[in-house]
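Mind having a look at this structure? Questions to follow.
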Amino acid sequence: MKADGKTVQEILANLPAERAEQFNKLHRVIVENLPIGFEPSISYGGLGYVVPHALYPSGYHCKPSEPLPFAGISSQKNSINFYHMGIYSNPKLYEWFVNEYQKHSKLKLDMGKSCVRFKKIDEIPYDLIGELMKKMSVEEWINIYESNLKKGKANS
């Protein structure tokens, strides 16, 4: 589901009324805990948290005109989704998140590779998301990204 808006503020202002409070709170928690260097932005038509071109001029290899994505949130038909590339690319961080999730939520974790789906939007573990956001610096993310990019080219 593509976000309705061309700026972060427009996306936040155009959310469905039944999700606006939870989505805005999730956005605030993420922004308050973003390490220095990451910034909120429009990323692939949605709300993202990215490494801006000013810090990483190459941008995202699939679409260099886009800044390097790191995390994002979206309002889907049946859930609010949270995306975090660090838990997808760092096995230790993934393991930490899965173990900690049980301590922060009585619900079963509904997760894909980098996507956590919150179907019961009144049960979003905001504190856990805040902790997760602090766990990877811009430098660490760029190093992981470039390391994986080189591996991919070596396998091509």
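Give me a count of the residues in region 38-55 that are part of a loop (DSSP other than H, G, I, E, B) and more than 13 Å from Ala71 (Cβ to Cβ).
5
Can you name the residue in region 73-96 that is touching a residue at least 60 places away in the same chain (Cβ under 8 Å) and farther than 14 Å from Gly112 by Cα and, of all such residues, is surrounded by the most Cβ atoms within 10 Å (Cβ to Cβ)?
Ser75
Same structure, new question: Considering only region 102-126, state which residues are assigned to a helix (DSSP H, G or I) and either at positive phi or touching a His at 6+ places or on another chain (Cβ under 6 Å) (or both).
Within region 102-126, no residue meets the criteria.
Related question: What residue, among those in region 108-156 that are among the aliphatic types (A, V, I, L, M) and surrounded by fewer than 14 Cβ atoms within 10 Å (Cβ to Cβ), is modelled with the highest pLDDT? Before the answer, list the steps.
Taking region 108-156 first, the residues among the aliphatic types (A, V, I, L, M) are 109, 111, 116, 121, 124, 128-129, 132-133, 136, 138, 142, 144, 149, 154.
Applying the additional criterion that residues be surrounded by fewer than 14 Cβ atoms within 10 Å (Cβ to Cβ) yields 109, 149, 154.
Values: Leu109: 96, Leu149: 82, Ala154: 52.
Within region 108-156, the match that is modelled with the highest pLDDT is Leu109.
While we're looking at this one, here's another question. Tally the residues that are part of a loop (DSSP other than H, G, I, E, B) and touching a strand residue (DSSP E or B) at 6+ places or on another chain (Cβ under 8 Å), restricting the search to region 79-101.
Final tally of qualifying residues: 1.
Something else now. Only residues in region 99-122 that are closer than 15 Å to Phe23 by Cβ count as the first member; pair them with residues that are of a type in the set (D, E, K, R) and modelled with pLDDT of 95 or more, Cβ under 6 angstrom, at least 6 apart or cross-chain, and list the lot.
If the second residue must be of a type in the set (D, E, K, R) and modelled with pLDDT of 95 or more, the pairs left are Arg117/Asp110.
So the check is Cβ under 9 Å with 6+ separation or different chains; which pairs have a first residue in region 52-72 that's within 15 Å of Leu149 (Cα to Cα) and a second one that's among the aliphatic types (A, V, I, L, M) and part of a loop (DSSP other than H, G, I, E, B)?
Pairs found: Leu68/Leu55; Phe70/Leu34; Phe70/Met136.
Within region 1-24, restricting attention to residues that are within 19 Å of Phe118 (Cα to Cα) and touching a Gly at 6+ places or on another chain (Cβ under 7 Å), which residue is surrounded by the fewest Cβ atoms within 10 Å (Cβ to Cβ)?
Taking region 1-24 first, the residues within 19 Å of Phe118 (Cα to Cα) are 1-3, 11-12, 15-24.
Retained after the next criterion (residues that are touching a Gly at 6+ places or on another chain (Cβ under 7 Å)): 2-3, 11.
Details: Lys2: 9, Ala3: 22, Ile11: 23.
Among those that are within 19 Å of Phe118 (Cα to Cα) and touching a Gly at 6+ places or on another chain (Cβ under 7 Å), it is Lys2.
Further question: Quick check on region 3-37: of everything there that is at pLDDT 95 or above and not in a helix (DSSP H, G or I), which residue is nearest to the chain's Cα centre (by Cα)?
Looking at the filtered set, the residue picked out is Leu34.
May I pose another question? Looking only at region 25-48, count every residue that is crowded, with 17+ Cβ neighbours inside 10 Å and of a type in the set (D, E, K, R) and tell me the total.
Counting residues in region 25-48 that are crowded, with 17+ Cβ neighbours inside 10 Å and of a type in the set (D, E, K, R) gives 1.
The values are calculated or read from the model by the stated rules, or taken from the named source; none is laboratory data. Keep in mind the model is a prediction, meaning the values are calculated, not measured. Cβ: placed from backbone, ideal geometry, glycine included. Neighbour counts: every protein chain shown.
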